[in-house]
Structure formats: C-alpha cells, structure tokens
Amino acid sequence: MNQLGWARHAGATPLETGELMPRGYTIPVVDLSSDFERQVVVDREAGQYLGHPTTVLLDDNRSILAVYPKGQGTGGIIMKRSDDGGITWSHSATGLWLISSWLPNA
C-alpha cells in the first residue's frame, strides 16, 4: 500500500517503484490514464464545461482542495474538498466566487 492506502498495481509508475525518472525530468510524473481503479470523477454536469482544475494537497497529506471554473472563460468558480486523499469529494462550495472572467494576455 502507498501513502494514500492504494495497493500497488502491476503497471506501477517509476515514482511508485522507486526507480529513477528519465534524465531531464525534475518533477515526478504519474500516468493514471490506464489505471481506472484510481480515477475518480469529482464533478460532472450534462452539457456544462467544467474547466481545468487547480488542486492543492494540504499539510495533512490527505486533504485536497480542487478549484475550477464553471464555464469557458467566464462563470462561477467551484471549489470542492476531499478529506480522504481524493476518493470522495464534498458538494460544491460557493462563496465570493460567483463570477469570474478570463482575459488572454495581449
């Protein structure tokens, strides 16, 4: 079991097995694209674009905050929290972020 309690799979990544990363990499990479048991849907709304999330792992090494826009370039900001390493997620938290606007650099 790893730090979050997941069992190691036969297709473990170099990070999980302790192998060195390829030369030139300075940030560990974990490819979960084929590890369906570890993929969790945090939010889904039919017909609604939910933007790319920004996440942060808190100091307890289990709590995660995810923040993302509801819409492309404009709309409300959604924040969800997981207290179990990303296995389950809270309902959307709303606050002062009811409107957002993204403007590209000129």
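Just so it is clear, none of the values below were taken in a lab; they were calculated from the coordinates. Here the structure is a predicted model, which is why all the values come from computation and not from measurement. Positions of Cβ are generated from backbone atoms using ideal geometry, with glycine treated the same way; all protein chains shown enter the neighbour counts.
General observations
- Total formal charge among the other residues, if their Cβ is under 15 angstrom from that of Leu65, Lys/Arg +1 and Asp/Glu -1: -2
- The simple spin-label model puts a point 7 Å past each Cα toward its Cβ; for Val30 and Asp84 those points are separated by 1.7 nm.
- Taking label positions 7 Å along the Cα-Cβ direction at both Tyr49 and Glu37, the computed distance is 3.6 nm, reported to one decimal.
- Low-density loop positions, chymotrypsin sites (Phe, Trp or Tyr not before Pro), region 24-86 - DSSP coil, at most 16 other Cβ in 10 Å: Tyr25, Tyr49
- Annotation: amide H-H contacts under 5 Å for Gly76 (H modelled 1.01 Å from N, sequence separation of 5 or more, or interchain): Lys70, Ser100.
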